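**Student:** The following block contains the structure, expressed as structure tokens.
The values are calculated or read from the model by the stated rules, or taken from the named source; none is laboratory data. All values derive from a computational prediction rather than experimental measurement. A quick note on method: Cβ atoms are made from the backbone with ideal geometry, for glycine too, and the neighbour counts reach across all protein chains shown.
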Amino acid sequence: MQPANLLLLTLALAIVAYWLGYARSRSLAMPLGGIRHLKSLPFYYGARAALWSGIPALLVLGLWAAFQGKVIQLIIIGGLPDNMIPATDGEASLLLSKISNVASGALPPGFVEAPIAEAAERLKALRTQSRFLMSALVVSVAVLAGFLGWLRIRPRLNARVQVESILKWVFFACAALAILTTVGIIFSVAFETIRFFGKVPFTEFFFGTHWSPQTALRADQVASQGAFGMIPLFTGTLLISAIAMIVAVPVGLLSAIYLSEYAGKKVRGVVKPLLEMLAGIPTVVYGFFAALTVAPFISDLAASIGIEASSQSALAAGAVMGIMIIPFVSSLSDDVINAVPQAMRDGSLALGATQSETMKKVIFPAALPGIMGGILLAVSRAIGETMIVVMAAGLAANLTANPLETVTTVTVQIVTLLTGDQEFDSAKTLAAFALGAMLFIATLLLNVIALKIVRKYREQYE
Amino acid sequence: MNNQRSQAEIVRQSLKSRYRKERRFRAYGVLAIAIALGALLTLFTDIIGKGYTGFLKTTITMEVQLDGEMMYLDDPTDERQIKMADFVEPLVQALIKEIPGATEDDRDQVRGLINPYASVTLRDALTANPDWLGTSRTMTFLSHTNVDVYVKHAGDDAYSIKLNDQQKAWVDELQERGVIETSFNDVFFSGGDSRDPSRAGILGAIVGSLLTMFVTLILSFPIGVAAAIYLEEFAPQNKFTDFIEVNINNLAAVPSIIFGLLGLAVFINLFGMPRSVPVVGGLVLTLMTLPTIIISSRAAIKSVPPSIREAAEGIGASKMQVVLHHVLPLAMPGMLTGSIIGMAQALGETAPLLLIGMVAFIVDVPDGFLDSATVLPVQVFLWAGSPELAFIERASAAIMVLLTFLISMNALAIWMRKRLERRW
């Protein structure tokens, strides 16, 4: 049975368990003189039976579905004749995809070696077996646990307390998923990063100024060693982020000031949602706009005044990224400006200062730490932004500060290295994870600092 | 006294420049807003301008002689014969007849006007209606992409027209006579991706998006709400709870591509799940949108006034009953609003899906959660990278469809906030 159907079946069984539990509690209560002699309402007895039946079955189903793929892969690889057992992970994944192509019928068995055709047959059999075993196990667990839960229904049993404590644990597990996700992120990048540093020296990655992640097709190839210096990537990322900030900070800040201090209610009611619309546009749309409209426009403009500009200039990607970040800066600054106590405003205006003087000399300095925090958050977003740069910035890792030249960024390289066919042991693929680790650490630091600043600032005025 | 008057004088004299500064500051604010809104306007006009033609298709309507001898076919029910038969010839002959002055010698040029897929359309029509053999029928076929580009963009320097002058003259003439027409592009909404821009559609991507969003919704909404309830109502004040909160806040700001790395390393490499399937995409997007949903659900729970809780507790409800029977229903509109906004974000997300392989060229419309699929934003990305401008036009049209979805989701969220959310 398909996992999705099995899931529905499990839920159906839980509902059956609910009705049986409900009915049993009522029938037990009847001879005693009605449900008021039960410790809890019949609903809770039913819910308890349903949880007993459903939770273990779902756990079994989840674990089986998560691990069956990997286990089957290992069995298939283990069952190959000795001379075909792949030496590396890369070969293993190639071989596995070949086998599964044969099994799915995309590749006729006559085209491949006999052991592979056999392995494909075995794969098909294993998949059927696994599916059957999973269905049998899940259904029997659901029925058995549900039956046990049903059997133990007594009028004295406090089903409500049990149901509530189970629910509380379920809620807790959901909240703890956030920790699990973080741990997952850290482990998934950390392992591959450590393997990467086993192949490429630490110093080359951090201090190298040359990035060209080729891996050799033949051992004797010229330049068989790729270069993995991340400095050009980081300067490229910083260049594009800086351009984005030059666009976003003044525009976002000034529009926030205007909207909070000058604009009437009507104007604000129209302009604010429109600005927020900029934040809701998918990044792939900005990327499209940057690559196909802004970049050609900039290179034409530069050509018309006699400067050479690349058709994938950092300026185009940065400017469009800046537009994307405007609402982010403006809504954060808006919050901070509004948090400045009204008394400070009134005091300044009462002394005869104009509104702009009040803004520049009183409110802005008071709001500055909060605004800086907001800007740091915006920087972290710019660094991690992917689609705009993938579509509009180039692949060439130039070490330059000229915004009209092509630069590449960390995120572009991650995407380039990881899309398409990969071997999981080449330095090239592992480099993507090392870059991901750097990106994660950089954005995490920025976020932690920014959140601290923002929080500290808020406490000051509360 | 003298001194004082001169100070007042100074202030009065400086007033003019101070007011000027005030006006200038105001103007900067207006300018900033104008820049932001101007960018929004440019973006929209650019995309609509580039893409509205993507909603049009160019077709050729002509009378086709279904001559069995010409097609080497005498029994359309025979599968083998159908496979061998020539379905191009009747189309070429029909079009030659429509063009005055075209002769048998021009057949290659005439053939260049017909979509390569038109013969398949003819074959399918004939297999479905075997009795058409030997008759002559008026049928409509897609034109060649080159004709499509010429009809839509003649005179636009950005497009390179790949027809020669003879063909251009024919197309002009056929257009005048109504043989070549443009109409609403239903192919765009009813097909999957294709190498031929005229036949490329977004149905596959839309279905892929829906499947992925379904997985995301059924996982992230219950989990997010449950986590929010725990943190707001049950969590004890301790280090561990603080740690969970720090994690959630940080995850909300982690770049989306990192979630792609997580999906690749955990779901695909560790668990051995297949690549480019909606289930894995949905799982990755769930992890990505959870923080958003948790944060907005917590805000919704917080906004339920304590008096409700106290009243329920006062008549003997347990903590869980207070939460599930009273707080949760009252907080639900706020939670739904937050979730819709989170889902809109997930629908527009591209980067993490690139890493888990949802960028493949997929022709078929996916028919299940474990079927290879792509999603709408990724389809935009794929077409936008094509050197053919006809694909760019389709990418713009796909963006319009995507934005329509997103704007209606956000409008729904705003409407719900206005209608259902209670002010206490």
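**Student:** For region B:323-331, does any single residue satisfy the condition of being touching a Gly at 6+ places or on another chain (Cβ under 9 Å), at pLDDT 90 or above and in the same structural domain as B:THR212 (by TED's automatic domain parsing)? Don't jump to the end; show me each part of the working.
**Tutor:** So the first thing to find is which residues in region B:323-331 are touching a Gly at 6+ places or on another chain (Cβ under 9 Å), and the list is none.
No: region B:323-331 contains no residue that is touching a Gly at 6+ places or on another chain (Cβ under 9 Å), at pLDDT 90 or above and in the same structural domain as B:THR212 (by TED's automatic domain parsing).
**Student:** A further question follows. Would it be correct to say that A:ALA302 is part of a helix (DSSP H, G or I), in the same structural domain as A:ALA401 (by TED's automatic domain parsing), of a type outside the set (Ser, Thr, Tyr) and crowded, with 24+ Cβ neighbours inside 10 Å?
**Tutor:** Working: part of a helix (DSSP H, G or I): yes; in the same structural domain as A:ALA401 (by TED's automatic domain parsing): yes; of a type outside the set (Ser, Thr, Tyr): yes; crowded, with 24+ Cβ neighbours inside 10 Å: no.
Against the criterion (part of a helix (DSSP H, G or I), in the same structural domain as A:ALA401 (by TED's automatic domain parsing), of a type outside the set (Ser, Thr, Tyr) and crowded, with 24+ Cβ neighbours inside 10 Å), A:ALA302 does not qualify.
**Student:** Here's a follow-up. Whether any residue in region B:123-133 is of a type in the set (Phe, Trp, Tyr) and closer than 28 Å to B:PHE184 by Cα is what I want to check.
**Tutor:** Applying the first criterion (of a type in the set (Phe, Trp, Tyr)) to region B:123-133 yields B:132.
Remaining after also requiring closer than 28 Å to B:PHE184 by Cα: B:132.
Yes, region B:123-133 has at least one match.
**Student:** Let me ask something else about it. Name the residue that is surrounded by the fewest Cβ atoms within 10 Å (Cβ to Cβ), counting only residues in region B:302-323 that are assigned to a helix (DSSP H, G or I) and touching a Leu at 6+ places or on another chain (Cβ under 8 Å). Working first, answer last.
**Tutor:** Applying the first criterion (assigned to a helix (DSSP H, G or I)) to region B:302-323 yields B:302, B:306-314, B:319-323.
The next check asks that each one be touching a Leu at 6+ places or on another chain (Cβ under 8 Å); those that pass are B:308, B:320.
Details: B:ILE308: 14, B:MET320: 19.
Ranking the candidates gives B:ILE308 first.
**Student:** Can you name every residue in region A:142-170 that is outside any helix (DSSP H, G or I) and in contact (Cβ under 8 Å) with a residue 24 or more places away in the chain? Step through it out loud before you land on a result.
**Tutor:** Applying the first criterion (outside any helix (DSSP H, G or I)) to region A:142-170 yields A:152-158.
Correct list: A:ILE153, A:ARG154, A:PRO155, A:ARG156, A:LEU157, A:ASN158.
**Student:** Which residues, taken from region B:93-122, are more than 18 Å from B:ARG177 (Cβ to Cβ), outside any loop (DSSP other than H, G, I, E, B), free of Cβ contacts under 8 Å to residues at least 24 places away in the same chain and not acidic (Asp, Glu)?
**Tutor:** Result: B:ARG107, B:ARG111, B:THR121.
**Student:** Among the candidates A:THR182, A:THR193, A:THR209, A:THR203, which residue alone is among the polar types (S, T, N, Q), without any contact (Cβ under 8 Å) to a residue 40 or more places away in the chain and either in contact with a helix residue (DSSP H, G or I) (Cβ under 6 Å, 6 or more places away or on another chain) or in the same structural domain as A:LEU28 (by TED's automatic domain parsing) (or both)? Lay out the reasoning, then the answer.
**Tutor:** Details: A:THR193 fails: without any contact (Cβ under 8 Å) to a residue 40 or more places away in the chain; A:THR209 fails: without any contact (Cβ under 8 Å) to a residue 40 or more places away in the chain; A:THR203 fails: either in contact with a helix residue (DSSP H, G or I) (Cβ under 6 Å, 6 or more places away or on another chain) or in the same structural domain as A:LEU28 (by TED's automatic domain parsing) (or both).
Only one candidate passes the filter, namely A:THR182.
**Student:** Looking only at region A:274-285, count every residue that is within 8 Å of chain B (Cβ to nearest Cβ) and closer than 14 Å to B:LEU41 by Cα and tell me the total.
**Tutor:** Initial filter on region A:274-285 (within 8 Å of chain B (Cβ to nearest Cβ)): A:274-275, A:277-278, A:280-285.
Narrowing further to those that are closer than 14 Å to B:LEU41 by Cα: A:274-275, A:277-278, A:281, A:285.
Residues in region A:274-285 being within 8 Å of chain B (Cβ to nearest Cβ) and closer than 14 Å to B:LEU41 by Cα: 6 in total.
**Student:** While we're on this one: For B:PRO222, work out the one condition from (1) surrounded by 14 or more Cβ atoms within 10 Å (Cβ to Cβ); (2) assigned by TED's automatic domain parsing to the domain that holds B:PRO387 it doesn't fulfil.
**Tutor:** Here B:PRO222 clears every test but (1).
**Student:** Every residue in region B:233-267 that is β-branched (Val, Ile, Thr), surrounded by 20 or more Cβ atoms within 10 Å (Cβ to Cβ) and assigned to a helix (DSSP H, G or I), please. Show your work before the answer.
**Tutor:** Of region B:233-267, the ones β-branched (Val, Ile, Thr) are B:241, B:244, B:246, B:248, B:254, B:257-258, B:266.
Add one more test, that the residue is surrounded by 20 or more Cβ atoms within 10 Å (Cβ to Cβ), and what stays is B:244, B:248, B:254, B:257-258, B:266.
Within region B:233-267, B:ILE244, B:ILE248, B:ILE257, B:ILE258, B:VAL266 meet the criteria.
**Student:** Here are some residues: A:ALA119, A:ALA125, A:ALA136. Which one is of a type outside the set (D, E, K, R) and either outside any helix (DSSP H, G or I) or surrounded by 15 or more Cβ atoms within 10 Å (Cβ to Cβ) (or both)?
**Tutor:** Values: A:ALA125 fails: either outside any helix (DSSP H, G or I) or surrounded by 15 or more Cβ atoms within 10 Å (Cβ to Cβ) (or both); A:ALA136 fails: either outside any helix (DSSP H, G or I) or surrounded by 15 or more Cβ atoms within 10 Å (Cβ to Cβ) (or both).
Residue meeting the stated conditions: A:ALA119.
**Student:** Go through B:PRO366, B:PRO352 for me and flag whichever is within 12 Å of chain A (Cβ to nearest Cβ) and either on the phi < 0 side of the Ramachandran plot or without any contact (Cβ under 8 Å) to a residue 60 or more places away in the chain (or both). Walk me through how you get there before you give the answer.
**Tutor:** Details: B:PRO366 fails: within 12 Å of chain A (Cβ to nearest Cβ).
Result: B:PRO352 is the single residue among B:PRO366, B:PRO352 that is within 12 Å of chain A (Cβ to nearest Cβ) and either on the phi < 0 side of the Ramachandran plot or without any contact (Cβ under 8 Å) to a residue 60 or more places away in the chain (or both).
**Student:** Can you find, within region A:139-181, the residue that is farthest from the other protein chains (Cβ to nearest Cβ) among those that are surrounded by 15 or more Cβ atoms within 10 Å (Cβ to Cβ) and among the polar types (S, T, N, Q)?
**Tutor:** A:GLN162
**Student:** Does any residue in region B:393-407 that is part of a helix (DSSP H, G or I) come within less than 9 Å, Cβ to Cβ, of a residue that is among the charged types (D, E, K, R) and surrounded by fewer than 21 Cβ atoms within 10 Å (Cβ to Cβ) six or more places away or on a different chain, and which pairs are these?
**Tutor:** As it stands, the answer is B:GLU393/B:LYS152; B:SER396/B:ASP46, since those pairs meet every condition given.
**Student:** So, B:VAL279, is that one assigned by TED's automatic domain parsing to the domain that holds B:TYR230, β-branched (Val, Ile, Thr) and surrounded by 17 or more Cβ atoms within 10 Å (Cβ to Cβ) or not?
**Tutor:** Details: assigned by TED's automatic domain parsing to the domain that holds B:TYR230: yes; β-branched (Val, Ile, Thr): yes; surrounded by 17 or more Cβ atoms within 10 Å (Cβ to Cβ): yes.
Against the criterion (assigned by TED's automatic domain parsing to the domain that holds B:TYR230, β-branched (Val, Ile, Thr) and surrounded by 17 or more Cβ atoms within 10 Å (Cβ to Cβ)), B:VAL279 qualifies.
**Student:** Of all residues in region A:384-420 being without any contact (Cβ under 8 Å) to a residue 40 or more places away in the chain and of a type in the set (Gly, Ala, Ser), which is nearest to A:GLY226 (Cα to Cα)?
**Tutor:** Applying the filter and picking the extreme gives A:ALA396.
**Student:** Let me ask you something else. Just give me the residues in region B:53-81 being touching a Ser or Thr at 6+ places or on another chain (Cβ under 8 Å) and either under 19 Å from B:LEU402 (Cβ atoms) or not in a loop (DSSP other than H, G, I, E, B) (or both), in sequence order.
**Tutor:** B:GLY54, B:LEU56, B:LYS57, B:THR58, B:THR59, B:ILE60, B:THR61, B:MET62, B:GLU63, B:VAL64, B:GLN65
**Student:** Of everything in region A:332-356, what is surrounded by fewer than 18 Cβ atoms within 10 Å (Cβ to Cβ) and either in a helix (DSSP H, G or I) or not assigned by TED's automatic domain parsing to the domain that holds A:ALA393 (or both)? Give them in sequence order.
**Tutor:** A:ASP335, A:ASN338, A:ALA339, A:GLN342, A:ALA343, A:MET344, A:ASP346, A:GLY347, A:LEU349, A:ALA350, A:GLN355
**Student:** Any residue at all in region A:305-315 that's within 13 Å of chain B (Cβ to nearest Cβ) and crowded, with 20+ Cβ neighbours inside 10 Å?
**Tutor:** yes
**Student:** Looking at region B:379-388, can you tell me whether even one residue there is closer than 22 Å to B:SER256 by Cβ, surrounded by fewer than 17 Cβ atoms within 10 Å (Cβ to Cβ), at pLDDT below 90 and within 9 Å of another protein chain (Cβ to nearest Cβ)?
**Tutor:** Yes, some residue in region B:379-388 is closer than 22 Å to B:SER256 by Cβ, surrounded by fewer than 17 Cβ atoms within 10 Å (Cβ to Cβ), at pLDDT below 90 and within 9 Å of another protein chain (Cβ to nearest Cβ).
**Student:** Does region B:203-214 include one or more residues that are away from every other protein chain (no Cβ under 14 Å) and more than 30 Å from B:ILE294 (Cα to Cα)?
**Tutor:** Within region B:203-214, one or more residues are away from every other protein chain (no Cβ under 14 Å) and more than 30 Å from B:ILE294 (Cα to Cα).
**Student:** If you go through region B:138-157, how many residues are part of a strand (DSSP E or B) and either surrounded by 17 or more Cβ atoms within 10 Å (Cβ to Cβ) or modelled with pLDDT of 90 or more (or both)?
**Tutor:** Within region B:138-157, the first condition is being part of a strand (DSSP E or B), and the residues that meet it are B:138-143.
From what is left, the residues that are either surrounded by 17 or more Cβ atoms within 10 Å (Cβ to Cβ) or modelled with pLDDT of 90 or more (or both) are B:139, B:141-143.
Within region B:138-157, residues that are part of a strand (DSSP E or B) and either surrounded by 17 or more Cβ atoms within 10 Å (Cβ to Cβ) or modelled with pLDDT of 90 or more (or both) number 4.
**Student:** Scan region B:163-180 for residues that are in contact with a Gly (Cβ under 9 Å, 6 or more places away or on another chain), assigned to a loop (DSSP other than H, G, I, E, B) and closer than 14 Å to B:SER143 by Cβ and jot them down.
**Tutor:** B:LEU163
**Student:** For A:SER40, all conditions in the list (1) within 14 Å of another protein chain (Cβ to nearest Cβ); (2) among the polar types (S, T, N, Q); (3) in a helix (DSSP H, G or I) hold save one; what is the number of the exception?
**Tutor:** It fails just one condition, (3).
Condition check ((1) without any contact (Cβ under 8 Å) to a residue 40 or more places away in the chain; (2) within 10 Å of another protein chain (Cβ to nearest Cβ); (3) closer than 30 Å to B:VAL363 by Cβ) across all residues:
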site: B:ALA228; (1), (2), (3): no, yes, no
site: B:GLU233; (1), (2), (3): no, yes, no
site: B:PHE243; (1), (2), (3): yes, yes, no
site: B:ILE248; (1), (2), (3): no, yes, no
site: B:PHE259; (1), (2), (3): no, yes, yes
site: B:PHE271; (1), (2), (3): yes, yes, yes
site: B:PRO274; (1), (2), (3): no, yes, yes
site: B:SER296; (1), (2), (3): no, no, no
site: B:SER318; (1), (2), (3): yes, yes, no
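**Student:** I'd like the full set of residues that are more than 8 Å from chain A (Cβ to nearest Cβ) and closer than 15 Å to B:THR212 by Cα, limited to region B:389-411.
**Tutor:** B:PHE405
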